[in-house]
Amino acid sequence: MKIFQCQACDQPVSFESTACDSCQRRLGYVCEGHSVSALEPSGDLWHAYADPGRKYRFCANAEHGACNWLVPDDEPGAFCAACRHNRLVPDLRIAWNLTRWRQIEAAKHRLFYSLMRLRLPLMTRAENPASGLAFDFLVDPTESYRLGPPVMTGHLNGLITMNIAEADDVERERRRMLFGEYYRTLLGHFRHEIGHYFWTMLVRQDPSLWDFRDLFGDETRNYAAALQRHHAYGPPDDWAEGYVSAYATCHPWEDFAETFAHYLHIVDTLETAGVFGLSLNPHLRNQAPQTVRIEFDPHRSPDLDRMIEAWLPLTYAINSLSRSMGQPALYPFKLTPAVIAKLSFVHDRIYAAQGYRQVQGDAGTDILKAVITGLRQRVAAPNI
């Protein structure tokens, strides 16, 4: 994510900021320029320093302290580009629901920042009632003194359901331990579930479906049975050689969603490292120094090789820093050639959606060609 600054006084501000700590001006996020902007009141509306030619109003969810995004006054609707996809939210009269929902919205808005920077197609339920993107944020029946099954976080035909209990750090950590996961965050949930949505948008009806099956496997296999078997027997012993996570082994849909989530991890973190001017020059014995500089926009980089070459040493460095603080690895994953091939597929589908020509000969494409034959037999009938 970019560094944001108040245009009135140059004070650095966060993505979620609603007021500048230095000059006290009101702040709001302008989607068109991907910028947190200082504001000046204009009657019931606002002038944004980042886009002085238009007037803006705040998203209706600003009333609940859950959104700082702006809506151009010449556009219809009360909600911003992120909140207009909400279908159901919890009962906000309950203080704990409001607290959790605010945390969920913070993570969801970071997701939308990435999707919009990547210029991916986003349709609302109003625009496409059958499969437009929508969110239900629900409370477990046991927490609302009602009967019924627990809320399961998941995706179905564009509808992403999120159990707001995931916003509770203790509960989320309990579930991470229960399911034997290395990583579980609100933002990670959103990135995974949106991967299911974009499989439908970018792969299902596309000629690349055959390439998908070569790499990820046959998605027509019984999904419910695959999940049941995974939870009963776990992943194969050698899962890390071909999958980015253990959960990715259970079905090709989950493999794609996990890979898509990791692609978003890479893009967002590389942008953050780049705007802070981070460079890497590890002092390794018997090796000539090789400085890695992140001097490119990962949202506009058709060369996956460049991204991976920066990502691998960056994650080694941040994992080392995290362990130096007595914390576990910040990025506890392994990118093998097979996983990079899958990331290359995701990368190519995103750039195809943007209208770019795929760049021939980058590392991801080369790896894809090199490993696709070897993966074909294994992935077509994975051991789950």
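For segment 119-261, the dipole from Cβ point charges (+1 on Lys and Arg, -1 on Asp and Glu) about the Cα centre works out to 340 debye, to the nearest 20.
Looking at the chain, the DSSP beta bridges with both ends there are about 75 percent antiparallel. Among Asn222, Asn86, Asn157, the largest mean-square fluctuation in a Gaussian network model of the chain, built with springs joining Cα atoms closer than 10 Å, belongs to Asn222. The charge dipole of segment 243-306, taken about the Cα centre with unit charges on the Cβ atoms of Lys, Arg (+1) and Asp, Glu (-1), comes to about 360 debye, rounded to the nearest 20.
For segment 272-327, the carbon plus sulfur part of the accessible surface works out to 51%, probe radius 1.4 Å. Residues in the chain average 49 Å² of solvent-accessible surface per residue, probe 1.4 Å, ligands and nucleic acids excluded.
Along the charge dipole of the chain, which of Pro141, Val292, Cys9 sits closest to the positive end, that is, farthest toward it, with unit charges on the beta carbon of Lys, Arg, Asp and Glu (+1, +1, -1, -1)? So the residue furthest toward the plus end is Pro141. Against the criterion of solvent-accessible heavy-atom surface with a 1.4 angstrom probe, Ile318, Ile94 sort, most first, into Ile94, Ile318.
Remark on the chain: Rg and Dmax equal 21.7, 67 Å (Cα only).
Given the peptides 179-191, 248-260, arrange them by the average over their residues of other C-beta atoms within 10 Å, most packed first. Write out the running numbers ahead of the final one.
Details: 179-191: 17.1, 248-260: 25.1.
Descending mean neighbour count gives 248-260, 179-191.
Under a model in which nothing but the beta-carbon of Lys, Arg (+1) and Asp, Glu (-1) is charged, the chain shows a dipole of about 240 debye around its Cα centre. What base-10 log of the normalised intensity I(q)/I(0) is obtained for segment 7-89 from the Debye formula, alpha carbons as equal point scatterers, at q = 0.14, 0.15, 0.18, 0.19 Å⁻¹? Debye curve over Cα of segment 7-89, log10 I(q)/I(0) at q = 0.14, 0.15, 0.18, 0.19 Å⁻¹: -0.42, -0.49, -0.70, -0.78. Ranked from largest to smallest solvent-accessible area, with a 1.4 Å probe on the protein heavy atoms, Met325, Met307 come out as Met325, Met307. Label-to-label distance for Ile318 and Phe15 is 1.2 nm, based on points extended 7 Å past Cα in the beta-carbon direction.
Mind giving me the FRET efficiency for Asp297 and Asp136? R0 is 41 Å, r the Cβ-Cβ distance, nearest 0.05 is fine.
Numbers: r = 33 Å, r/R0 = 0.82.
Approximately 0.75, to the nearest 0.05.
Comparing Trp69, Leu118, Phe179 along the charge dipole axis of the chain, the residue lying farthest to the positive side is Phe179, per the Cβ-charge model. Each peptide in 8-17, 32-41, 326-335 was scored by the mean count of other Cβ atoms within 10 Å over its residues; highest first, the order is 32-41, 8-17, 326-335.
Using the Cβ-Cβ distance between Met325 and Asp168 with R0 = 25 Å, the FRET efficiency computed as 1/(1 + (r/R0)^6) comes to roughly 0.55. The listed residues Val275, Val139, Val244, Val170 rank as Val170, Val275, Val139, Val244 when sorted by accessible area, largest first, using a 1.4 Å probe. Of the residues Ala95, Ala126, Ala107, the one that moves most in a GNM of the chain with alpha-carbon contacts below 10 Å is Ala95. Between the listed residues Ala310, Leu270, His283, the Cα displaced farthest toward the positive end of the dipole of segment 264-310, a dipole computed from Cβ unit charges relative to the Cα centre, is found at His283.
Rounded, prolate or oblate, given the Cα gyration tensor of segment 67-144, with a/c below 1.5 counting as rounded?
It is prolate, given that a/c is not under 1.5 and a/b is the larger ratio.
Just to verify a number: FRET efficiency for Arg175 and Ser42, C-beta to C-beta distance, R0 = 51 Å, to 0.05? The pair Arg175/Ser42 has a calculated efficiency of 0.65. A simple count of charges around Asp206, restricted to other residues whose Cβ falls under 11 Å of its Cβ and scoring Lys, Arg +1 and Asp, Glu -1, yields 0.
The values are calculated or read from the model by the stated rules, or taken from the named source; none is laboratory data. Note that the coordinates shown come from a computational prediction; the quantities given were computed from them, not determined experimentally. All Cβ positions, even for glycine, are placed from backbone atoms using ideal geometry, and neighbour counts span all protein chains on display. These area figures cover heavy atoms from the full protein model, side chains too; ligands, DNA and RNA do not enter into them. Shrake-Rupley method; radii C 1.70, N 1.55, O 1.52, S 1.80 Å.
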